[in-house]
Amino acid sequence: MVGPAHALRASDWIYSSYREIGAALYRGYPLRTFLCQMFGNAEDPVKGRQMPVHHSVRSLNFVSVSSPVGTQIPQAAGIAMAARLQGRDDVALTFFGEGATSTGAFHVGCNFAAVRKAPCVFICRNNGWAISVPRAVQTAAVTFAQKAVAYGMPGILVDGNDVLAVVHVVAQAAARARGGEGPTLIEARTYRRGAHSSSDDPSVYRDPEEPREWELHDPLPRFRRYLEHRQLWSAEDETHLRRHFDETFTATVREVDQVGAKPPVDTLFDDVFSRRPWHLDEQAADLQRATPRPPSP
């Protein structure tokens with residue numbers, strides 16, 4: 001998620017699923033705002049309308065996180081085409097898991113982008129499992145990258161745990177898109193070592209030895225070793241960074257936890273239309289009359 005964000009321009013668009021918020025943080029999404037959204041408090045920019053970790057950062061061209069599988073794919077193709085029609089050389093990049101390649105949205109988005117030569121980069125994060133469904137059940141193809149051939153676009157298979165390799169292929173795909181050559185499908189092969197979510201128990205459908213085999217491929221120690229080899233990082237740097245982050249994160253959580261208040265109920269009717277229509281005015285008035293007022297001190 002960080003490699004692609006590094007390879008793009010600030011004006012490029014990112015459409016993500018729920019695993020790529022790191023791309024927004026890399027672009028400058030404030031940690032405090034991130035946590036306000038997680039708490040759904042009065043300072044949540046999404047006003048409590050989304051689930052936690054479903055961020056929308058307009059200032060960073062990071063479009064609202066999509067939870068329904070694959071729905072962000074045709075949206076990314078659409079905004080890429082809009083940029084082209086406006087004469088801009090902006091690129092739209094969309095992340096999705098390998099399970100999303102089984103959806104109609106994947107077909108529609110890829111086919112539209114390829115036919116129209118929309119400046120779009122499709123990144124399939126193949127982590128081996130779509131919740132409890134293994135990769136082998138998603139497709140009979142050897143790779144997901146080769147699906148690009150049928151759509152008439154390049155398909156690239158990259159080691160998703162090698163940040164430099166990811167930066168390289170995304171930068172190439174973005175340059176190709178800016179040059180009017182159309183979209184690229186990138187399969188970033190990685191692995192989901194943990195559970196799908198806190199309510200998921202992977203031990204019931206996955207060999208416990210399988211994630212251990214991927215421990216050696218963890219991208220963080222792998223990139224750290226590379227930096228140390230280049231004498232760009234050290235154990236002392238690592239200790240300082242971890243201490244700084246832990247202290248910053250803990251202090252920010254404590255600060256956000258004190259906000260307490262939730263978004264006002266009447267904000268339900270804001271930002272739905274550019275001009276609020278009469279029927280929403282009526283509904284807002286009905287809600288205000290029905291909402292108990294706090295007792296006077």
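So here's what we get for this one:
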| read-out | value |
| --- | --- |
| Any hit, segment 186-196, residues being without any contact (Cβ under 8 Å) to a residue 40 or more places away in the chain and not in a loop (DSSP other than H, G, I, E, B) | no |
| Ala77, sole failed condition from (1) in a helix (DSSP H, G or I); (2) out of contact with any Cys (no Cβ under 8 Å at 6 or more places or on another chain); (3) closer than 18 Å to Ser11 by Cα | (2) |
| Residue count for segment 205-255, restricted to those that are β-branched (Val, Ile, Thr) and either without any contact (Cβ under 8 Å) to a residue 12 or more places away in the chain or not in a helix (DSSP H, G or I) (or both) | 2 |
| Answer from His240, His279, His217 - the residue that is at pLDDT 90 or above, of a type outside the set (A, V, I, L, M) and exposed (fewer than 10 other Cβ atoms within 10 Å of the Cβ) | His279 |
| Val65 surrounded by fewer than 19 Cβ atoms within 10 Å (Cβ to Cβ) and either assigned to a loop (DSSP other than H, G, I, E, B) or aliphatic (A, V, I, L, M) (or both) | no |
| Tabulated pairs, segment 259-272, first more than 9 Å from Lys47 (Cβ to Cβ), second at pLDDT below 90, C-beta under 8 angstrom, 6+ apart or interchain | Val265/Thr291; Asp266/Gln288 |
| Residue in segment 161-177 that is of a type in the set (Asp, Glu), surrounded by 14 or more Cβ atoms within 10 Å (Cβ to Cβ) and not in a loop (DSSP other than H, G, I, E, B) present | no |
| Where Arg88 falls short, out of the listed (1) over 29 Å from Thr267 (Cβ atoms); (2) surrounded by 16 or more Cβ atoms within 10 Å (Cβ to Cβ) | (2) |
| Residues satisfying the stated conditions in segment 104-133, i.e. in contact with a Phe, Trp or Tyr (Cβ under 8 Å, 6 or more places away or on another chain), among the hydrophobic types (A, V, I, L, M, F, W, C) and part of a strand (DSSP E or B) | Phe122, Ile123, Cys124 |
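The values are calculated or read from the model by the stated rules, or taken from the named source; none is laboratory data. Just so it is clear, the model here is predicted, and its values are computed rather than measured. Using ideal geometry, Cβ is built from the backbone for each residue, glycine included, and neighbour counts are taken over all protein chains shown.
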